[in-house]
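Worksheet for the structure shown next.
The values are calculated or read from the model by the stated rules, or taken from the named source; none is laboratory data. All of these numbers come straight from a predicted model, not from anything done at the bench. Note that we place each Cβ from the backbone using ideal geometry, even for glycine, and neighbour counts take in every protein chain shown. In case anyone asks, the SASA skips ligands and DNA or RNA and just uses the protein heavy atoms, side chains included. Shrake-Rupley method; radii C 1.70, N 1.55, O 1.52, S 1.80 Å.
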Amino acid sequence: MLSIELLDSKKHDRTTFHCGVDSLDDYIKTRASQELKKRVSTPYVLTDLPERQVLGYYCLSSYSIASIELDESTAKKLPRYPLLPAILLGRLAVDSRYQGKGYGGFLLLDAMKRCLELSTQLAAVAMVVDAIGQGAVSFYKDYGFIEFPDDPMKLYISIVECEKLGL
């Protein structure tokens with residue numbers, strides 16, 4: 001049974017995780033638990049219970065968007081504050097043994113749902129992601145993310161749009 005839960009370094013086995021991107025592999029193996037303890041980032045892991053093996057993961061943290069960074073159609077719907085609250089999807093990765101099975105989408109939809117729920121407790125107008133490559137840009141666009149006008153590798157989706165998806 002697939003489960004997404006908060007990383008627990010004593011419970012979840014990350015030692016064999018390999019997604020093909022060294023920085024993402026290194027993060028889950030060596031830095032994720034420390035960043036969780038320091039409250040810098042909150043990593044969630046996908047496991048196939050009762051196994052402890054991490055099949056994939058994502059992490060969330062608070063973020064700010066300069067209102068001038070947004071496309072005009074989005075910006076005009078928001079207050080004209082210099083910075084707007086958002087949630088950063090800092091990383092999302094699936095172990096290479098499980099890629100191509102829909103787990104990336106499963107993780108992303110869970111992250112979007114979590115952001116929607118969080119936005120009812122702490123304001124956030126969007127979920128932001130920095131894509132690692134063009135394949136990742138296409139992946140996020142398939143889920144409704146749009147590029148920042150000045151940075152095609154940085155994308156966002158409004159929390160309102162997440163809500164419209166019925167997550």
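So for segment 50-104, considering every pair of alpha-carbon atoms, how many percent are separated by more than 16 Å?
Values: 889 of 1485 pairs.
Summing the P(r) of segment 50-104 above 16 Å gives 60 percent of all pairs.
Averaged across orientations, what area in nm² does the convex hull of the alpha carbons in segment 53-167 project?
On the way: hull surface 29.4 nm².
Approximately 7.3 nm², given one-decimal rounding.
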Excluding residues fewer than 8 places away in the same chain, name every one of the lysines whose C-alpha is closer than 20 Å to that of K37.
K10, K11, K29
Expected output is a single nm value to one decimal: the length gained when fully extending between F106 and L2, i.e. 0.36 nm times separation in residues minus the C-alpha distance. What is it?
36.4 nm
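Mind ranking M1, M127, M153 by accessible surface for me, highest first, 1.4 Å probe?
On the way: M1 150, M127 0, M153 60 Å².
Highest to lowest solvent-accessible surface, that is M1, M153, M127.
Whole number in Å², please: accessible area per residue of segment 68-167, 1.4 Å probe, ligands, DNA and RNA not counted. Mind showing how you got there, number by number?
Values: 5600 Å² over 100 residues.
On a per-residue basis, 56 Å².
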Tally up the carbon and sulfur contribution to the accessible surface of the chain as a whole percent, 1.4 Å probe, everything protein left in place.
53 percent
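Give, in nm to one decimal, the length gained when the segment between D151 and S9 is fully stretched (0.36 nm per residue of separation minus the Cα-Cα distance).
Details: separation 142, 0.36 × 142 = 51.12 nm, distance 3.47 nm.
Extra length from D151 to S9 when fully extended: 47.6 nm.
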Can you show me the helix-derived [θ] at 222 nm for the chain, built from DSSP H runs with n ≥ 4 at -39,500 (n - 2.57) apiece and divided by the number of residues, rounded to the nearest 500.
-7000 deg cm²/dmol
About the Cα centre of segment 62-167, what is the dipole size in debye to 20, counting +1 per Lys and Arg Cβ and -1 per Asp and Glu Cβ, all else neutral?
240 debye
How far apart, in nanometres, would the label points at D48 and A75 be if each is projected 7 angstrom from Cα along the Cα-to-Cβ direction?
4.7 nm
Relative contact order (percent) for segment 77-167, with alpha-carbon contacts under 8 angstrom and 6 or more residues of separation?
31 percent
Cα→Cβ-extended label distance, 7 Å offset, between V40 and Q99, nm:
2.6 nm
Label-point separation in nm, D22 to Q134, each point 7 Å along Cα→Cβ:
2.3 nm
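Return the tail of the calculated pair distribution for segment 13-71, meaning the percent of Cα-Cα pairs more than 14 Å apart. Please list the in-between numbers first.
Numbers: 1042 of 1711 pairs.
Of the Cα pairs, 61 percent sit more than 14 Å apart.
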